[in-house]
Amino acid sequence: MDYEIVIGLEIHTELKTNSKIFCGCSTKFGSEQNTNVCPVCLGLPGVLPVINEKVVEFAVKAGLALNCEILPFSKFDRKNYYYPDLPKNFQTSQYDLPIAVNGHLDIEVNGETKRINITRIHMEEDAGKLVHSGATISSSDSALVDYNRTGVPLLEIVSEPDIRSAEEAKAYLEKVKAILEYLDVSDCKMEEGSLRCDANISLRPHGQAALGTKAEIKNLNSFRSAQRGIEYEVIRQEDILDDGGRVIQETRTWDENKGVTASMRSKEQAHDYRYLPEPDLVPIVVDPARVAEIRANLPELPDARRQRLMNDYGLSAYDAGIITSTKAVADYFDQSVENNGDAKAVANWLMGEVSKHLNSEGITILDCPVSPKQLTELLALIEKGTISNKIAKTVFEEMWISRKDAEVIVKEKGLVQISDSSEIVAIVESVIAANPQSVADFKAGKDKAIGFLVGQIMKQTKGRANPDMVNTLLRERL
Amino acid sequence: MELFKHTASQLHKKLAAKEISAVELAKAVLGRVDAVDKDVQAYITLTSENALTQAQAVDSKIQRGEKVSVLAGIPGALKDNICTKGIKTTCASKILATFVPPYDATVAEKLAAEDAVIVGKANMDEFAMGGSTENSGFFPTHNPWNLETVPGGSSGGSAAAVAAGEAIWALGSDTGGSIRQPAAYCGVVGLKPTYGRVSRYGLVAYASSLDQIGPITRDVTDSAHVMNIISGYDAKDSTSINTGVPDYTKSLVNNIKGLKIGLPREYFVAGMDAEVERAINKAIEQLVALGAEYKEISMPHTEYALSAYYMIAPAEASSNLARYDGVSFGHRVEGNDIIDMYKKTRSEAFGAEVKRRIMLGTYALSSGYYDAYYLKALKVRTLVKQDFDKAFEQVDVLITPTAPTTAFKLGEKTNDPLAMYLQDVCTIPVNLSGVPAISIPCGFAAGMPIGMQIIGKPLGEETIIRAAYTFEQNNDYHKGFATLGEV
């Protein structure tokens, strides 16, 4: 049977503040274990939390960018559960009065725009990290705890169950990530765990109003696993329903290696978090004037930037969409264009050569060895006719490795395009003289033969001859 | 008179006049501890060497002609739930029996900055849960006025130390009466400041929304001096109040003309000792004779305060005490797995009363019970607070007994938690509403001290200090010294 898929996503993102949410410890990733700690984040007896104002500011920014209402009065609560990566055995989070509520985000899938409503955004502290002695939890006989991540600020962004496919989920996730990056409030590095996602998934017959029984899928730690995990879970539930069975309400974990979801705990085993208002923190009262100020100073967001690229540079919706989906790529584009680069050429190169090289090395544009200025200079050489588009690719290759400027490479390797007609004429004539058979073929109407002759000319000039001139001069001589 | 029988302000004068040295004073107090602590058992940890070093430093300052503060060189005790860097802080619990904090509580820092001398860490009910100090995980403390009776609690060690001359002053903490009730039982002065007046940073939490640190002293004057040092906003405590601290010694004025006193009739509960009631009535008459105006008032929600407290405080405690799990600090009992380790550690190292309150609190917060218990208790708390707001529209201070009876015998109530809880019936509403209150000696019943509680408006410490000082100046109750069985 064909079911309607109903998905709600909970996205956790680490905020890139310098210090933790309730103490002054550094949030730096990759520090030596248990060095970014103090009595407060270690939860020692007698300590008290103090809210990092930057966290509230970032949360308000995210709330506004996701079209939420910022609650003027919100508070922290304690979420009580025992786990050794949680030194206090409660997580300070927000329960019934989160910082932001009732937002939405428009996504585009298959050229159609769709609105995903956002229930709430709340602030909370991250937990530490368990380091198991064995390869897996079950094969370990001990575990150590690294508390460096304990108290790193998190935002949890909860969507309504408005998502209808794995594809939509992916588009939504990517859009949220792009917005957080544009706001400069999170690094959104899934591989470092700074963006994580849980999905609530249920199925129902088309037309049925009531929601089906949901399963919560945890551990979706990349866009790929989010999509795969959701796809897997949908099929699993379909199979159960088709067999006349019932989906059990439970929490399942995505196993990236096996490509399956597995049960973690049932509804009966679900935690009772026994929330209570955090008595050690005063409620957060956000001044509406401050919210207005933050709103006024929001940076340009992906949708607006995409529109600008279309309006100002005549880029297609598709190209503008790809370039603006990652802030760093869009920044690279803007910097290139500011250096008098031709916008369309920049766009083509970004989506072509640049992206090809980045992908093959598995790096992001932030680590691109060719700077926007260098790329613009390369494009200028093409524009001026100093080198051909084809030679430019060779030059780019060399720039990537040596990090030298295009002009230097062109000079060093003697790659300047030959546009001197007398020089080309001489070569054209010598090639005609050396290949009488091809000339005869051409004259006999075999148009293809000219390709061979052009190839010979290019070979002799190591590709430097201006292709248009070669064509014209060759045809004249024949 | 022996040095250890003086007050801090008296001793300060002697130090400043170089009549005595701080080392001499420290030795006198340490000698007293040596002589009587085997009977009183006020201390969990003694810091004698540190005390002598601190005293030596104060003597050097005085020798150099430097002006020193009132508490400089004056030996005092800290309740053992106040964190002291490098010095064991146990909360009288086996679970923290070897815990040495790597940091100082804000009050400890402030006292150190004033060169106060710390004799040691005082005994208490485990995690401040109790009213007799019998819930200490180590040993009970005895009341210096009669060693067979309790000193009250939970700050029983602090109050007994001050009463016995084992400390000139002390800090306690008060969540439901834990400074005032032991002060009353031990015949000394105990002040619970307005919630937020004194930083809680470094005070091991029992019930965060109720806990407050305050002084236990021989007289009201010393109380004002200690308050001057420990009060004030602390950026490390978000719940501390960000307003200036007055000089509380300016309120040491023997004059209450025109002061409006309210006597809430609901505080004179069934089971109240007739002697206690007589003492309070006599005190009121005296205050009226001294120029105060007096009226009986009603605070109708008082009877629900105790129940609300025993929902709210355990709920917070169940969360606050979750961190004692054997993972990264404190006592650990190894187990087959992490859950087993949690269970064994907590079963073995927490005492019965702590376990009882953790269970109560966990239950009150559980899904399905939250609204009926915890949320309802919060509503009651609001009503109790409104009672105080309304009362203070009519009067400047409220006067009640501090506790319904004088100190009871050790073991008398240990098997009857409810009877024990009832000892806090007059003090708990004060914590629920966050206002300040002081307990001062106001008489004796069968040789045991009676305490009178004076409750003030929020941040009304100056008014209650003035009222208490006036009463004290017109009486001798605070001048008696616990006999410890001595003739």
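Of note:
- Added length on full extension, which subtracts the Cα-Cα distance from 0.36 nm per residue, A:SER371 to A:TYR82: 99.1 nm
- Part-to-part distance (alpha-carbon centres) for the range B:35-87 and the range B:119-184, which is given in Å: 18
- Bridge type composition, the protein assembly as shown - antiparallel percent by DSSP, nearest 5: 80
- Helix-only [θ]222 nm of the protein assembly as shown, DSSP H runs n ≥ 4, -39500 (n - 2.57) each, per residue, nearest 500: -12000 deg cm²/dmol
- Cα→Cβ-extended label distance, 7 Å offset, between A:ASN257 and B:VAL100, nm: 4.3
- For the range B:222-258 and the range A:160-188, distance of Cα centres in Å: 52
- Pairwise Cα distances in the range A:273-347 exceed 18 Å for 55 percent of all pairs.
- In units of the rule-of-thumb radius 2.2 N^0.38 Å, the range A:421-477 shows an alpha carbon radius of gyration of 1.01.
- If the convex hull is drawn through the Cα atoms of chain A, its volume per residue in Å³: 224
- With 31 Å as the limit, the listed pairs B:LYS13/B:LYS282; B:LYS27/B:LYS236; B:LYS250/B:LYS379; A:LYS28/A:LYS114; A:LYS393/A:LYS448 have B:LYS13/B:LYS282; B:LYS27/B:LYS236; B:LYS250/B:LYS379; A:LYS28/A:LYS114 beyond it between alpha carbons.
- Counting beta carbons within 10 Å around each of B:ASP39, A:ASP85 and listing the fewest first gives the order B:ASP39, A:ASP85.
- Cα centroid separation, the range B:356-429 to the range B:319-335 (Å): 28
- Using distinct alpha-carbon pairs, which all enter the 1/r mean, Kirkwood radius of the range A:133-262 in Å: 16.6
- As a rough footprinting exposure proxy, the listed residues A:SER438, B:SER60, A:SER19 were ranked by other beta carbons within 10 Å of their own, and the order from fewest upward is B:SER60, A:SER19, A:SER438.
- In plain terms, if you count all Cα to Cα distances in chain B and split them into 20 Å steps from zero, the share in each step is 26, 59, 14, 0 percent.
- Eigenvalues of the alpha-carbon gyration tensor of the protein assembly as shown, scaled by 5 and square-rooted, set the equivalent ellipsoid semi-axes at 75, 31, 25 angstrom, largest first.
- Taking the number of Cβ atoms within 10 Å of each Cβ as an exposure proxy, the fewest-first ranking of B:VAL198, B:VAL100, B:VAL430 is B:VAL100, B:VAL430, B:VAL198.
- The convex hull defined by the C-alpha atoms of the range B:16-80 has an orientation-averaged projected area of 4.6 nm².
- Peptides B:276-284, A:381-389, A:43-51, A:202-210 ranked from most to least packed give A:43-51, B:276-284, A:381-389, A:202-210, packing being the mean of other C-beta atoms within 10 angstrom over each peptide's residues.
- Divided by 2.2 N^0.38 Å, where N counts the residues, the Cα radius of gyration of the range A:61-154 comes to 1.48.
- Shape call, the range B:207-270: gyration tensor on alpha carbons, a/c limit 1.5: oblate
- Overall form of the range B:91-184 per C-alpha gyration tensor (a/c, 1.5; a/b vs b/c): oblate
- Shape category assigned to the range A:1-121 from the gyration tensor of Cα positions, a/c cut at 1.5: prolate
- Along principal axes, Cα extents of the range A:300-412, largest first, whole Å: 43, 31, 19
- As an equivalent ellipsoid, the range B:138-194 spans semi-axes of 17, 12, 10 angstrom, where each value is the square root of five times an eigenvalue of the C-alpha gyration tensor, largest first.
Bear in mind these aren't lab numbers, they're just calculated from the coordinates by the rules spelled out. Predicted model, so just to flag it, every value in this text is computed and none were measured. Virtual Cβ from ideal backbone geometry, glycine too; neighbours counted across all protein chains shown.
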